[in-house]
Every structure is written in structure tokens, then in C-alpha cells.
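Read-outs: derived from the displayed coordinates by stated rules, not from any lab. These figures come from a predicted structure and were not determined experimentally. Methodologically, a virtual Cβ is constructed for each residue, glycine included, from the backbone with ideal geometry; neighbour enumeration extends over all protein chains shown.
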Amino acid sequence: MREKIIYSLNEEDIQTVALQEVERNLSSKEIEKIKNSIADKINWYDAIAEAINEKISTVSVR
């Protein structure tokens with residue numbers, strides 16, 4: 001069974017930020033250097049927990 005992707009980042013997203021931060025596109029080698037670091041910096045558990053707590057009622061329905 002294939003898992004459904006809920007959110008992802010792509011190279012265009014990285015280049016958008018690069019243009020804002022360093023005023024140029026990154027090379028393929030530069031993207032390769034940073035891609036694992038990006039994943040390490042995303043606090044996915046807290047993002048999911050916060051979204052659940054904001055949008056999902058905690059009242060049980062019986």
C-alpha cells in the first residue's frame with residue numbers, strides 16, 4: 001500500500017528561499033549539502049500535534 005503524502009518540500013521551495021536569503025539559486029551540489037539538514041530541522045511531531053490541538057475537538061462523541 002502506498003502512503004499518502006500530506007506535505008512535502010521540493011527544489012522550487014528551496015530555490016525560493018535561496019533567492020530571498022542569498023539572492024541567487026543554489027547549485028545541485030549546494031542543495032545536496034543542505035537537504036538532510038532541512039529534514040533534521042523540521043519539528044514534524046510538534047507541528048502535527050499543534051495542528052490537531054487547534055483544529056480537532058477533544059470532546060469524545062459516543
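Here are a few things to note about the model shown:
- Scanning region 1-16 for residues that are acidic (D, E) and surrounded by fewer than 11 Cβ atoms within 10 Å (Cβ to Cβ) yields E3, E12.
- Hits in region 1-26 - residues which are among the aliphatic types (A, V, I, L, M) and either assigned to a helix (DSSP H, G or I) or free of Cβ contacts under 8 Å to residues at least 12 places away in the same chain (or both): M1, I5, I6, I14, V17, A18, L19, V22
- Residue count for region 17-62, restricted to those that are among the polar types (S, T, N, Q), surrounded by 10 or more Cβ atoms within 10 Å (Cβ to Cβ) and within 22 Å of I5 (Cβ to Cβ): 1
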